[in-house]
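All remarks here apply to the structure that follows.
The values are calculated or read from the model by the stated rules, or taken from the named source; none is laboratory data. Remember, predicted model here, so these are calculated numbers, not experimental data. Here Cβ is always computed from backbone atoms with ideal geometry, including for glycine, and neighbour counts include all displayed protein chains.
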Amino acid sequence: MKESNQGLSVQHLLGIKDLKRNDIDLILQQADLFKEVLSRPIKKVPSLRDVTVANLFFENSTRTRLSFELAEKRLSADVVNFSASGSSVKKGETLVDTVNNILAMKVDMVVMRHSAPGACVFLQRHIGASIINAGDGTHEHPTQALLDAYSIREKLGSVEGKKVVIVGDITHSRVALSNIYCLQKLGAEVMVCGPTTLIPKHIQSLGVKVEHNLRKALEWCDVANMLRIQLERQDESVRYFPSLREYTMQYGLDKKLLDSLPKKIVVMHPGPINRGVEITSDVADSDQSIILEQVENGVAVRMAVIYLLAQSRLHKH
C-alpha cells in the first residue's frame, strides 16, 4: 500500500479545531486507500501489528465503539476494550488512575469517549499515548465529522463550495460543532436549522447561517444532516420544545417534503435514528439518503486516523 510522504501535523486527534486543512485532506486520501482494502476478500492489513490500542468508553456507545474496534482489527492492532459502566470508575476511581492502570499495560493509543468536555485534553497532558477523541460531552466528535465529510465528497465529488445544513439539536450536539469546523475548513457553506431553544446564542460567530424554517433551509442546501434530538443530554427542567410530536411537525423530514423540493438533496444522519421523529423511514431508506454509506465509511476513516497517528508517533520517536 502506498504511503503518503507528509504526515499529520498533530500527535492526537482531540478535535477538528486543531487540524489544518492538509491534515483533513491527508486523512480523507488515506481513507480512500483503506476503503479499497475493505472491499477485498481479505480485509486486513498488517500496518499496526505491534500497536496496542485501548478503547475507553466512559459513556454508552454502540456504533462508534464497534466502528473503532473494527478499524483497529482491520489494521491488525492489539485491542483492549474498557467500558466504564462495568468498571472501577463506578467505585470512584479517577480518570488518571484508570489511565495509569491502562498505561501499565503498555498501550500506544487510547480512543476515548467521555461525558466531560475536554476530558481528552486533560488525558493528553498526563499520558504519553496518542489520544483519539471519540466524543467528549457536548464538545466535539471529530471522527464523525471526518466520515461525514468523506461521505459528502464521495457522493458529490467534493465538499468545497457545497451548502450543508445541520438540522436539529445543535446545542447538545458534539457532531454539529465538529461538522461546522470540518466543513468550513474544506470550503463548504454551513447553515444550522432548528428551534431557537436548540441553537446556541454564539453560533453565528463561527460564520454559520441560522435558519428556523426547515423548508427554507432545505431549499438552500445541497446536503441536509439530520441530527437526533438528544433527550439524554437535555436539562430535564427546561422545555426546549412543547413535545416531540410538535418538533416533528416543524423539523422532521418526511418523503412528501423531500419530494417537493426544487432539487434533489443528499440526506445524512449520524445515527442512531429516531425514525419518525427527525426523519421518516421512507426518507432514511430512500436513494437520496447516504446513511448506510456513512456507517461503512466510518471504518475506513477511523482506520486512516489510527494509522496516520501511529505513523506520526513513529516519526516522533
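Mind telling me which of the residues 35, 43, 17 ends up being within 30 Å of residue 84 (Cβ to Cβ), at pLDDT 95 or above and not small (Gly, Ala, Ser)?
Just one listed residue meets the conditions, 17.
When you scan region 252-261, do you find a residue that is within 28 Å of residue 61 (Cβ to Cβ) and surrounded by 14 or more Cβ atoms within 10 Å (Cβ to Cβ), even just one?
Yes, some residue in region 252-261 is within 28 Å of residue 61 (Cβ to Cβ) and surrounded by 14 or more Cβ atoms within 10 Å (Cβ to Cβ).
Sort out which residues of region 273-294 are of a type in the set (Val, Ile, Thr) and at pLDDT 95 or above, and write them in order of number.
Listed by number, the residues that qualify are 279, 280, 283, 290, 291.
Out of region 56-72, which residues are modelled with pLDDT of 95 or more and either touching a helix residue (DSSP H, G or I) at 6+ places or on another chain (Cβ under 6 Å) or more than 26 Å from residue 174 (Cα to Cα) (or both)?
Once the filter is applied, which keeps residues that are modelled with pLDDT of 95 or more and either touching a helix residue (DSSP H, G or I) at 6+ places or on another chain (Cβ under 6 Å) or more than 26 Å from residue 174 (Cα to Cα) (or both), region 56-72 yields 67, 68, 70, 71.
Which fully enclosed helices (runs of 4 or more DSSP H) of region 204-317 have 3 or more residues being farther than 22 Å from residue 143 by Cα and touching a residue at least 12 places away in the same chain (Cβ under 8 Å)?
Once the helices (runs of 4 or more DSSP H) in region 204-317 are filtered for at least 3 residues that are farther than 22 Å from residue 143 by Cα and touching a residue at least 12 places away in the same chain (Cβ under 8 Å), what remains is 214-220, 244-251, 255-259.
In region 4-36, what residues are more than 19 Å from residue 153 (Cα to Cα) and either of a type in the set (A, V, I, L, M) or out of contact with any strand residue (DSSP E or B) (no Cβ under 8 Å at 6 or more places or on another chain) (or both)?
Scanning region 4-36 gives 4, 5, 6, 7, 8, 9, 10, 13, 14, 18.
Among the residues of region 119-138, is there at least one that is modelled with pLDDT of 90 or more, touching a Gly at 6+ places or on another chain (Cβ under 7 Å) and assigned to a strand (DSSP E or B)?
Yes, that holds for at least one residue.
Of all residues in region 126-143 being of a type in the set (Ser, Thr, Tyr) and in contact with a His (Cβ under 7 Å, 6 or more places away or on another chain), which is surrounded by the most Cβ atoms within 10 Å (Cβ to Cβ)?
130
Restricting to region 25-37, and then to whatever is hydrophobic (A, V, I, L, M, F, W, C) and within 23 Å of residue 129 (Cβ to Cβ), can you tell me which residue is surrounded by the fewest Cβ atoms within 10 Å (Cβ to Cβ)?
26
Is there a residue in region 113-121 that is crowded, with 23+ Cβ neighbours inside 10 Å, closer than 17 Å to residue 63 by Cβ, of a type outside the set (Asp, Glu) and in the same structural domain as residue 53 (by TED's automatic domain parsing)?
yes
Quick check: is even one residue across region 139-149 closer than 24 Å to residue 83 by Cβ and in a loop (DSSP other than H, G, I, E, B)?
Within region 139-149, one or more residues are closer than 24 Å to residue 83 by Cβ and in a loop (DSSP other than H, G, I, E, B).
Of all residues being in a helix (DSSP H, G or I) and within 17 Å of residue 311 (Cβ to Cβ) in region 10-26, which is farthest from the chain's Cα centre (by Cα)? Just the residue, please.
22
Which numbered condition trips up residue 161, out of (1) modelled with pLDDT under 90; (2) not in a helix (DSSP H, G or I)?
Condition not satisfied by residue 161: (1).
Every residue in region 27-54 that is within 19 Å of residue 314 (Cβ to Cβ) and in a loop (DSSP other than H, G, I, E, B), please.
Within region 27-54, 45, 46, 47, 48, 49, 50, 51 meet the criteria.
Just wondering, is there one or more residues in region 170-182 that are surrounded by fewer than 23 Cβ atoms within 10 Å (Cβ to Cβ), hydrophobic (A, V, I, L, M, F, W, C) and free of Cβ contacts under 8 Å to residues at least 40 places away in the same chain?
The answer is no; no qualifying residue exists.
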